[in-house]
Every structure is written in C-alpha cells, then in structure tokens.
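These notes are about the structure you will find just below.
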Amino acid sequence: MALPHPASGTPANIGGNVYNKYGSGNPIVRILMAGFFRDLDALVRRAAPRTLMEAGCGEGEISARLMHRVEQLTAFDVDAECVDQARARLVPTPDESPPDGPRVDVFGADLLGDLGDRTADLVLCCEVLEHVSDPVGALDRLAHLTTGHVILSVPREPLWRVLNVARLRYLRDLGNTPGHVQHWSSRAFETLVAQRFRIVETRRPIPWTMVLAKPL
C-alpha cells in the first residue's frame with residue numbers, strides 16, 4: 001500500500017520521501033487522496049475565504065485546486081525547485097490571465113522567515129508541521145498570517161506508521177516516514193493546536209488529521 005508523502009516547504013527544511021501522491025495510478029492512493037480533498041473542500045467552503053495563502057505549497061497542487069474560489073492567492077515554499085514548479089503552474093502569463101481570475105503571488109520563503117506584511121483570510125498548512133522542530137513557533141506564525149481561519153493537516157499516528165509497516169516500508173524506523181520529526185494522534189494534535197487556536201471542526205480522512213481553526 002502506497003502512502004502519500006508530506007509536502008515540502010517547512011521551517012526546518014527537513015527532507016522527506018518524494019512519492020508523487022497526486023499523480024499516482026495506485027487505486028488505493030487515489031481513494032485516500034479523494035478522501036483528503038473531499039474533507040479539505042468541505043472545510044474551505046465553511047471558511048468561505050476571499051483571500052488564500054498556502055504555507056509549504058510544494059508544487060502547487062492544492063493551491064491549483066482552490067485558486068478559482070478566491071480573489072487573491074499567496075503561496076510559498078522553502079524549496080526553490082518546488083517554487084519554480086508552483087509558479088509555472090499557478091501564475092498565468094499575460095495572454096492566459098483571465099480578467100476575473102485571482103491575483104497570484106508565488107515566492108520562496110521559510111515559514112519562520114521574513115514574510116513581510118502578507119496575510120490572508122484562510123491560511124493552509126498541509127503536511128508541513130510534522131517536519132518542524134518548533135511546531136508551537138510555527139503555529140504562532142500561522143496565527144499572525146491569517147485574518148480568519150487556518151486549515152492544518154498532519155499524518156494521523158499511529159495509523160500512518162502502521163500503514164507504512166504493512167507495506168514493508170521504513171521498517172528500520174518502525175514505519176516512520178523520512179523527515180517526520182513530530183508525531184501526533186488526532187487528540188494530541190488537537191491539544192497542540194488548541195494552544196494557539198480555537199478549533200472549529202476536525203476531520204479525519206484516512207490517514208490524516210485535518211483541523212479548521214481560528215486564532216485565540
């Protein structure tokens with residue numbers, strides 16, 4: 001069984017595996033990703049943002065799916081190659097730019113680095129926090145970036161490791177995906193997030209925990 005890998009673009013810039021979950025032809029992976037996006041779409045609808053920011057956008061897959069819903073999209077990642085791919089995917093050329101399309105800003109940055117005065121109604125941070133050595137500091141920054149809500153998603157432990165072991169991956173590390181330095185059950189992740197946010201809704205698409213929240 002193939003498990004999706006975490007997005008790049010984390011404050012610690014810790015490397016992980018590079019499995020292409022979005023383009024996978026594996027039917028099980030496709031089912032898992034469909035569940036992820038179904039719950040993500042529901043939380044985005046509930047937040048109803050006019051402006052969107054994705055912290056750790058990777059190649060821009062999630063932003064590309066959501067950009068048509070907003071007036072302005074901001075996306076950044078610490079990995080230069082990912083930024084180039086995201087920019088090519090998300091930023092239209094002058095000839096391609098629709099008159100009613102969103103304003104798009106894609107750039108390279110660390111979540112804990114200098115982001116200027118950028119903010120958004122909704123800030124997404126999907127599969128990033130498990131890579132971060134200081135998750136509370138990352139949550140502090142996310143709270144300052146949003147003027148409304150955040151959506152946070154992380155692998156759900158111990159299910160994530162169990163599924164890796166079941167497919168005979170990362171056995172020396174007891175199923176831990178390379179680069180994961182934080183591990184949370186759904187309840188533990190909610191406890192962490194509640195230090196900086198009021199949780200509005202939690203969803204649990206297998207094998208993730210996904211939270212919609214507002215800063216305290």
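The values are calculated or read from the model by the stated rules, or taken from the named source; none is laboratory data. Bear in mind that the values here come from a model prediction, so they are computed numbers and not experimental data. Note that each Cβ is placed from the backbone with ideal geometry, even for glycine, and that neighbours are counted across all protein chains shown.
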>> Just checking, does segment 189-201 include any residue being within 17 Å of the chain's Cα centre (by Cα), within 22 Å of Gly60 (Cα to Cα) and not hydrophobic (A, V, I, L, M, F, W, C)?
In response: no
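If I filter segment 159-179 down to residues being touching a Gly at 6+ places or on another chain (Cβ under 8 Å) and more than 17 Å from Leu32 (Cβ to Cβ), which single residue comes out as surrounded by the fewest Cβ atoms within 10 Å (Cβ to Cβ)?
Keep residues of segment 159-179 that are touching a Gly at 6+ places or on another chain (Cβ under 8 Å), which gives 160-165, 169, 177-179.
Keeping just the survivors that are more than 17 Å from Leu32 (Cβ to Cβ) gives 178-179.
Numbers: Pro178: 14, Gly179: 17.
Result: Pro178.
Sort through Glu201, Glu157, Glu127 and tell me the only one that's of a type in the set (Asp, Glu) and more than 25 Å from Thr74 (Cβ to Cβ). Please lay out each step first, then the result.
Values: Glu201 fails: more than 25 Å from Thr74 (Cβ to Cβ); Glu127 fails: more than 25 Å from Thr74 (Cβ to Cβ).
Being of a type in the set (Asp, Glu) and more than 25 Å from Thr74 (Cβ to Cβ) holds for just one of Glu201, Glu157, Glu127, which is Glu157.
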> Among the numbered criteria (1) touching a Gly at 6+ places or on another chain (Cβ under 9 Å); (2) assigned to a strand (DSSP E or B); (3) surrounded by fewer than 22 Cβ atoms within 10 Å (Cβ to Cβ), which single criterion is violated by Val106?
Replying inline: (3)
> Using beta carbons and a limit of 6 Å, which pairs, at least six apart or on different chains, have the first residue in segment 22-40 and farther than 16 Å from Leu163 by Cα and at pLDDT 85 or above and the second one basic (Lys, Arg) and not in a loop (DSSP other than H, G, I, E, B)?
Replying inline: Asp39/Arg203
>> When you scan segment 58-65, do you find a residue that is modelled with pLDDT of 70 or more and either exposed (fewer than 14 other Cβ atoms within 10 Å of the Cβ) or of a type in the set (A, V, I, L, M) (or both), even just one?
In response: yes
>> Here's a check for you: in segment 189-216, which residue that is part of a helix (DSSP H, G or I) and without any contact (Cβ under 8 Å) to a residue 24 or more places away in the chain is surrounded by the most Cβ atoms within 10 Å (Cβ to Cβ)?
In response: Glu190
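Can you pull out the residues in segment 110-138 that are assigned to a loop (DSSP other than H, G, I, E, B) and buried (at least 18 other Cβ atoms within 10 Å of the Cβ)? It would help to see each step written out before you state the result.
So the first thing to find is which residues in segment 110-138 are assigned to a loop (DSSP other than H, G, I, E, B), and the list is 110-119, 127-128, 132-134.
Those that are assigned to a loop (DSSP other than H, G, I, E, B) and buried (at least 18 other Cβ atoms within 10 Å of the Cβ): Asp110, Leu111, Leu115, Glu127, Val128, Val132.
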>> Looking at Thr74 and the list (1) in a helix (DSSP H, G or I); (2) touching a residue at least 40 places away in the same chain (Cβ under 8 Å), which single condition is not satisfied?
In response: (1)
